[in-house]
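*Asks:* One structure, as structure tokens, below. Some questions next.
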Amino acid sequence: MLPKMIISASYKTDIPAFYGRWFMARLEAGFCRMVNPYGGQVYEVPLTRAAVDGFVFWTRNPGPFGEALSELRRRGFPFILQLTITGYPRALESSVIDKARSIELAHTLAREFGAKALVWRYDPVLATSLTPLEWHSANFAELARGLAGAVDEVVISFAQIYRKTRRNLDHAAKSFGFAWHDPDDDAKRALARELATRASEHGMRLSLCAQPQLKGEGVGEARCIDAERLSAVAGHKIEVPKRGNRPGCLCAESRDIGDYDSCPHGCVYCYAVATQRRARRRHQAHDPAGEFLAPRACA
């Protein structure tokens with residue numbers, strides 16, 4: 001018998017917000033097809049109960065995905081939702097849902113599926129003239145207060161400035177009249193400790209995603225693909241090896257079924273989108289009945 005696997009859906013795009021019909025069609029079919037973004041190889045990922053231990057979903061808007069989650073539960077699939085709520089200004093994330101609506105959805109999901117099935121992500125922490133570090137302290141405290149009782153963990157990370165991230169931030173800064181910078185590690189560690197204190201006040205533990213050099217008092221290390229949490233949701237032990245996606249990552253092994261350059265949320269700091277124009281075009285060209293999430297030829 002082949003070993004089962006955890007499916008990540010997806011750190012490359014927001015499947016619950018934008019591709020729910022496609023996901024449910026692929027679940028019914030029992031598989032989807034993916035293209036390796038680096039080598040171009042095409043491969044098939046099975047999505048049957050016999051092949052899948054469970055799902056980890058990454059989303060900023062689980063609202064359109066409610067029926068899919070109920071169907072997954074009916075079919076016996078355990079799942080976790082990594083729910084990003086940052087409350088940033090529109091200049092930084094133009095098309096995400098309002099933070100009040102996000103908090104409302106978090107409580108609805110926790111009531112329906114249990115708090116263990118939900119993790120809050122305040123991610124990434126981005127320092128700009130619109131969101132200086134002291135702004136994050138107040139903003140995080142407000143969100144934590146609103147999410148109290150719905151989640152028991154919040155994951156943070158500080159923005160990593162890749163080449164495409166720098167390009168997109170510079171373009172947005174020029175368009176909207178703000179400045180951005182990458183704080184030093186001491187400033188990041190101090191803020192992480194403060195956010196950990198605020199999280200603890202509202203019944204949450206704070207963990208840091210793949211940045212162990214920034215750990216401090218009260219700050220744990222995140223396992224975003226978390227076999228232990230998934231086991232708690234499933235009610236039985238799920239054993240998969242740890243195999244992080246990058247240095248410092250403690251995630252369990254998984255297969256991701258998303259696609260880069262396909263999320264139209266408009267977050268200017270996103271590492272998974274080269275340009276918003278390309279992401280919008282690929283989303284518009286998406287075929288919910290197709291085997292692939294996004295068309296390969298759409299520029």
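FYI, it's all coordinate maths here, none of it is from the lab. In this text, all values refer to a predicted model and were calculated from it rather than measured experimentally. Backbone-built Cβ (ideal geometry, glycine too); neighbour counts: all protein chains shown.
*Asks:* Under 5 Å between amide H atoms, partner at least 5 residues away or on a different chain: which partners does W58 have, H built in plane at 1.01 Å?
*Replies:* Those lying under 5 Å, H to H, from W58 are A9, S10, I15, Q82.
*Asks:* Roughly how many nanometres apart are two label points built 7 Å out from the Cα toward the Cβ at A91 and Q160?
*Replies:* Distance between label points: 2.7 nm.
*Asks:* Rg and Dmax in Å for segment 172-293, alpha carbons only: what are they?
*Replies:* Rg then Dmax for segment 172-293, in Å: 18.6, 52.
*Asks:* Still on this model: Can you compute the helix-only [θ] at 222 nm over the chain? Use -39500 (n - 2.57) per DSSP H run of at least 4 residues, normalise by all residues, nearest 500 deg cm²/dmol.
*Replies:* It lands at -10500 deg cm²/dmol.
*Asks:* Something else now. Could you pull out every one of the aspartates and glutamates with an alpha carbon less than 15 Å from that of K12, ignoring same-chain neighbours closer than 8 positions?
*Replies:* Result set, ordered by chain and number: D123, D256, D259, D261.
*Asks:* I would also like to ask the following. If you wrap a convex hull around the Cα atoms of segment 142-202, how much volume per residue is inside, in Å³?
*Replies:* Hull volume over Cα atoms, normalised by residue count, gives 118 Å³.
*Asks:* Which value results for Rg/Rh of segment 59-178 when Rg is the Cα radius of gyration and Rh the Kirkwood radius based on the inverse mean 1/r?
*Replies:* When Rh is taken as the Kirkwood radius, the ratio is 1.02.
*Asks:* Can I ask one more? Taking only C-alpha pairs under 8 Å that are 6+ residues apart, what is the relative contact order of segment 5-284 in percent?
*Replies:* 22
*Asks:* Over all alpha-carbon pairs of segment 195-245, lay out the pair-distance distribution in 5 Å bins, whole %, shortest bin first.
*Replies:* 5, 19, 20, 19, 20, 13, 5
*Asks:* Which lysines, if any, have their Cα less than 19 Å from the Cα of K215, not counting same-chain residues under 8 positions apart?
*Replies:* K188
*Asks:* Right, something else. Once you wrap a convex hull around the alpha carbon atoms of segment 72-113, what is its projected area averaged over all directions, in nm²?
*Replies:* Computed as one quarter of the Cα hull surface, the answer is 3.6 nm².
*Asks:* Which order do the peptides 206-212, 137-143, 150-156 take when ranked by the mean count of other beta-carbon atoms within 10 Å per residue, highest first?
*Replies:* Result, highest mean first: 150-156, 206-212, 137-143.
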